[in-house]
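Q: One structure coming up, written as structure tokens, with questions to follow.
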Amino acid sequence: MNSVSSKKSDILLLVVRIILGIIFIGAGWAKITAMAGTIGFFAQIGIPAFLAYVVGYGEFIGGILIVLGLWTEISAIFLSIIMIVAVYVVYPMGLQSVMTPLATLGTLLAVIAAGAGKIAIPTKFLKKNTTTPTTTA
């Protein structure tokens, strides 16, 4: 892949991460700020109350990590599990209900496959210098 194509891919991957992260930050924040309602909804569909906290905070923190490109694949795997459960839970409600979690799952799988790209916190700020100094005699 040439450098222009690589740069475009990294920029597009960053845009995908930002959009995906915003979706999860918003969804997580909505659950966290209305935890009583979230617990009530989870109870209605047979999910234990403690999982409301796991999902709410997991979506919120996972979304932030994906935007930053920090532990991207781990966050995307965790969020994929949440989306698989969401698809399973809403599947009986019809295709209209399944489309959003299914599309989000597909995007998460693409991020897992591609990784964070070069425009990410670990790459920009945490990566060690791997060049070996050369000496001249």
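Q: Which helices (runs of 4 or more DSSP H) sit wholly inside region 38-123 and have at least 3 residues that are of a type outside the set (G, A, S) and touching a residue at least 60 places away in the same chain (Cβ under 8 Å)?
A: Filter on region 38-123 gives 95-114.
Q: Looking at region 47-72, which of its residues are surrounded by fewer than 18 Cβ atoms within 10 Å (Cβ to Cβ), closer than 21 Å to Y88 by Cα and hydrophobic (A, V, I, L, M, F, W, C)?
A: I47, A49, F50, L51, V54
Q: OK, next. Of everything in region 8-19, what is open to solvent by less than 30 Å² (accessible area, probe 1.4 Å) and under 8 Å from V67 (Cα atoms)? Give them in sequence order.
A: R17
Q: Tally the residues that are open to solvent by 50 Å² or more (accessible area, probe 1.4 Å), without any contact (Cβ under 8 Å) to a residue 40 or more places away in the chain and closer than 18 Å to A86 by Cα, restricting the search to region 20-36.
A: Total meeting the criteria: 2.
Q: Would you confirm whether or not region 75-92 contains a residue that is more than 18 Å from L108 (Cα to Cα), out of contact with any Leu (no Cβ under 8 Å at 6 or more places or on another chain) and of a type in the set (V, I, T)?
A: Yes; the residues of region 75-92 include at least one that is more than 18 Å from L108 (Cα to Cα), out of contact with any Leu (no Cβ under 8 Å at 6 or more places or on another chain) and of a type in the set (V, I, T).
Q: If you don't mind, there's one more thing I want to ask. Does G69 satisfy the condition of being under 29 Å from K118 (Cα atoms) and modelled with pLDDT under 95?
A: yes
The values are calculated or read from the model by the stated rules, or taken from the named source; none is laboratory data. Just so it is clear, the model here is predicted, and its values are computed rather than measured. Reconstructed Cβ throughout: ideal geometry from the backbone, glycine too, with neighbour counts over all protein chains shown. Remember, those area values only see protein heavy atoms, side chains included, never the ligands or the DNA or RNA. Shrake-Rupley method; radii C 1.70, N 1.55, O 1.52, S 1.80 Å.
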